[in-house]
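Asks: One structure is given below, represented as structure tokens, and several questions about it will come after.
The values are calculated or read from the model by the stated rules, or taken from the named source; none is laboratory data. Owing to the predicted nature of the structure, the values given are computational and were not obtained by experimental measurement. Quick reminder, even Gly has a Cβ in these numbers, built from the backbone with ideal geometry, and neighbours come from all protein chains shown.
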Amino acid sequence: MIKNDLDQIDQLIQKRLDTSNKQLRQGLRENIRQDIKAEVDPLHERLDGQQNQFANVQEQIREAKKDLSAQITREAQDIVSILSDVIVPKLQEHDDQIAELQEEAGIKPRKH
């Protein structure tokens, strides 16, 4: 009978220990989760901010490339226009001089 009582007491103590251990482990897990969350949340916020900054910089780069490309196109067109205004008359003048010289020399002019 005493042995039975001791066994029952031992079982009750073991159950209480198991329950206490389980509660302790759950509490520790929750504390660890909260500690990790407290460490990670600010990092996530910083990362989100950096991603937004990166996206803004990418957009600025795209805009700058677009503007630069348009400016290069305009300047190239201006250069072509200036060159054609200067060169075309010179080429025509040169062709006229060649035709005159060919005529004077009695050479039949070549056709382009």
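Table: residues versus (1) modelled with pLDDT under 95; (2) part of a helix (DSSP H, G or I); (3) surrounded by 10 or more Cβ atoms within 10 Å (Cβ to Cβ); (4) hydroxyl-bearing (Ser, Thr, Tyr).
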site	(1), (2), (3), (4)
Gln58	no, yes, yes, no
Arg62	no, yes, yes, no
Thr73	no, yes, yes, yes
Pro89	yes, yes, yes, no
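Asks: Is it the case that some residue within segment 98-109 is surrounded by fewer than 10 Cβ atoms within 10 Å (Cβ to Cβ), at pLDDT below 90 and in contact with an Asp or Glu (Cβ under 9 Å, 6 or more places away or on another chain)? Walk me through it before giving the result.
Replies: First pass over segment 98-109, keeping only residues surrounded by fewer than 10 Cβ atoms within 10 Å (Cβ to Cβ): 104-106, 108.
From what's left, at pLDDT below 90: 104-106, 108.
Subset that is in contact with an Asp or Glu (Cβ under 9 Å, 6 or more places away or on another chain): none.
No: segment 98-109 contains no residue that is surrounded by fewer than 10 Cβ atoms within 10 Å (Cβ to Cβ), at pLDDT below 90 and in contact with an Asp or Glu (Cβ under 9 Å, 6 or more places away or on another chain).
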